[in-house]
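Accompanying notes for the structure given below.
The values are calculated or read from the model by the stated rules, or taken from the named source; none is laboratory data. Computed from a prediction, not measured in an experiment: that's the story for all the values here. A quick note on method: Cβ atoms are made from the backbone with ideal geometry, for glycine too, and the neighbour counts reach across all protein chains shown. Each accessible area value is taken on the protein alone, full model and side chains, heavy atoms only, with ligands, DNA and RNA left out. Shrake-Rupley method; radii C 1.70, N 1.55, O 1.52, S 1.80 Å.
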Amino acid sequence: MNEAARLRADCGNCFGLCCVALAFTRSSDFAADKKAGEPCGNLAPGHRCGIHADLRGSGYAGCTVYDCFGAGQQLSQVTFAGRDWRGAADGGRAMFAALPVMRQLHELLRHLDEARAHAVAADEIERAWDRVDALTRLDADALLAVDPAVERGAVGELLLRVSETVRAARVPGPRKDHRGADLIGARLRRAALRGATFRGALLIGADLRGADLREADLLGADLRDTDLRGADLRGALFLTQPQVTAARGDAATALPPTVTRPPHWP
Ligand code: SF4
């Protein structure tokens with residue numbers, strides 16, 4: 001299996017972990033409350049979602065935004081060797097607790113896989129890949145002892161260097177720095193933001209219609225309900241599918257090849 005495929009959710013090889021392990025609250029994203037560790041009422045036999053074809057229409061838009069980056073199948077088939085949580089002595093508690101850890105490790109691998117394509121700090125990226133990859137292969141007890149924040153810090157520093165090198169080469173001159181900025185609801189329509197960094201920035205509900213976001217670093221930016229209609233994100237760095245799916249866009253939104261156009265966009 002190639003790395004990109006391994007780091008994409010494969011629900012057919014997962015025991016529906018996200019539909020059980022995670023909690024959600026009745027809201028515009030979820031039609032009902034659910035506690036962590038409690039199977040969703042829509043979870044059908046065979047670990048399938050009974051309303052998969054119409055999640056948004058059924059009030060479960062929040063489920064369309066979640067992406068495990070392949071953590072579900074890794075836990076189901078590798079860590080727990082195909083043993084279903086339904087028959088587990090602990091009721092699946094260890095498996096459910098491991099999901100957020102594995103998901104964070106897989107998200108780091110996804111970013112490292114993207115970084116490989118830039119041919120910057122190649123040896124360090126491969127070493128970081130090997131280290132994180134080895135963690136994803138630990139047994140359940142060892143995996144639960146992993147602190148993903150430590151790994152995020154180490155990989156984040158490396159990705160920052162890759163990002164700065166790539167953006168400096170592609171966008172010479174001054175580039176806007178919005179790292180960690182609170183830009184909730186900001187009016188940035190048609191803004192010139194080529195090569196800017198939005199690492200960890202809050203862009204919830206921001207108006208970025210028609211903005212130039214080419215080569216922008218969007219690692220960890222919160223794009224929920226961000227209006228990206230007509231925006232140009234070609235060459236954007238470390239942009240993930242759940243970020244794009246959570247945003248608003250249209251046929252004129254230009255995306256990098258690392259993500260796909262969400263089916264609910266007009
Ligand atoms: S609605 Fe479907 S996808 Fe969402 S948690 Fe329930 S079973 Fe899973």
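Within the range 163-177, identify whether any single residue is outside any helix (DSSP H, G or I) and polar (S, T, N, Q), and answer yes or no. Reasoning before the result, please.
Taking the range 163-177 and keeping what is outside any helix (DSSP H, G or I), we get 171-177.
Adding the requirement that they be polar (S, T, N, Q) leaves none.
The answer is no, given that none of the residues of the range 163-177 is outside any helix (DSSP H, G or I) and polar (S, T, N, Q).
Can you report the number of residues in the range 16-37 which are surrounded by 15 or more Cβ atoms within 10 Å (Cβ to Cβ), assigned to a loop (DSSP other than H, G, I, E, B) and within 12 Å of the ligand (Cβ to nearest atom)? Explain how you work it out, then say what you get.
As a first pass, look at the range 16-37 and keep what is surrounded by 15 or more Cβ atoms within 10 Å (Cβ to Cβ): 16-22, 24, 29-31, 34, 37.
Remaining after also requiring assigned to a loop (DSSP other than H, G, I, E, B): 16-17, 22, 29-31, 37.
Going one step further and asking which of them are within 12 Å of the ligand (Cβ to nearest atom), we end up with 16-17, 22, 29-31.
The qualifying residues number 6.
Only residues in the range 54-68 that are among the aromatic types (Phe, Trp, Tyr) count as the first member; pair them with residues that are open to solvent by less than 30 Å² (accessible area, probe 1.4 Å) and more than 11 Å from the ligand (Cβ to nearest atom), Cβ under 7 angstrom, at least 6 apart or cross-chain, and list the lot.
Pairs found: Tyr66/Pro242.
Does Phe96 count as in contact with a Lys or Arg (Cβ under 6 Å, 6 or more places away or on another chain), within 16 Å of the ligand (Cβ to nearest atom), touching a residue at least 24 places away in the same chain (Cβ under 8 Å) and over 24 Å from Val155 (Cβ atoms)? Talk me through it step by step, then tell me what you get.
On the way: in contact with a Lys or Arg (Cβ under 6 Å, 6 or more places away or on another chain): no; within 16 Å of the ligand (Cβ to nearest atom): yes; touching a residue at least 24 places away in the same chain (Cβ under 8 Å): yes; over 24 Å from Val155 (Cβ atoms): yes.
So Phe96 fails the test.
Is it true that Ala97 is small (Gly, Ala, Ser), open to solvent by less than 30 Å² (accessible area, probe 1.4 Å) and either under 18 Å from Phe238 (Cβ atoms) or not in a loop (DSSP other than H, G, I, E, B) (or both)?
On the way: small (Gly, Ala, Ser): yes; open to solvent by less than 30 Å² (accessible area, probe 1.4 Å): no; either under 18 Å from Phe238 (Cβ atoms) or not in a loop (DSSP other than H, G, I, E, B) (or both): yes.
Judged against the criteria, Ala97 is not a match.
Please find, within the range 48-58, the residue that is surrounded by the fewest Cβ atoms within 10 Å (Cβ to Cβ) out of those that are near the ligand (Cβ under 9 Å from one of its atoms) and not basic (Lys, Arg).
To start, the set of residues in the range 48-58 that are near the ligand (Cβ under 9 Å from one of its atoms) comprises 48-52, 55, 58.
Pick out the ones that are also not basic (Lys, Arg) and you get 49-52, 55, 58.
Working: Cys49: 18, Gly50: 12, Ile51: 19, His52: 14, Leu55: 18, Ser58: 15.
Step by step, filter the range 48-58, then rank; the result is Gly50.
Taking the range 229-266, which residues are of a type in the set (A, V, I, L, M, F, W, C) and closer than 29 Å to Val155 by Cβ? Spell out how you get there, then give the answer.
First pass over the range 229-266, keeping only residues of a type in the set (A, V, I, L, M, F, W, C): 231, 233, 236-239, 244, 246-247, 251-252, 254-255, 259, 265.
Matches in the range 229-266: Ala231, Leu233, Ala236, Leu237, Phe238, Leu239, Val244, Ala246, Ala247, Ala254, Leu255, Val259.
Can you find even one residue in the range 59-70 that is within 16 Å of the ligand (Cβ to nearest atom), open to solvent by 20 Å² or more (accessible area, probe 1.4 Å), assigned to a loop (DSSP other than H, G, I, E, B) and more than 30 Å from Glu126 (Cα to Cα)?
Yes, the range 59-70 contains a residue that is within 16 Å of the ligand (Cβ to nearest atom), open to solvent by 20 Å² or more (accessible area, probe 1.4 Å), assigned to a loop (DSSP other than H, G, I, E, B) and more than 30 Å from Glu126 (Cα to Cα).
Between a residue in the range 171-197 that is not assigned by TED's automatic domain parsing to the domain that holds Arg229 and any residue that is surrounded by fewer than 15 Cβ atoms within 10 Å (Cβ to Cβ), which pairs come within a Cβ distance under 6 Å, given they are 6 or more apart or on different chains?
none
Within the range 142-151, which residues are closer than 22 Å to Met95 by Cβ and part of a helix (DSSP H, G or I)? Break it down into steps so the answer makes sense when it comes.
Filtering the range 142-151 for residues closer than 22 Å to Met95 by Cβ gives 142-149, 151.
Selection gives Ala142, Leu143, Leu144, Pro148, Ala149, Glu151.
Would you tally the residues in the range 152-191 being open to solvent by less than 70 Å² (accessible area, probe 1.4 Å) and over 17 Å from Glu114 (Cα atoms)?
Final tally of qualifying residues: 12.
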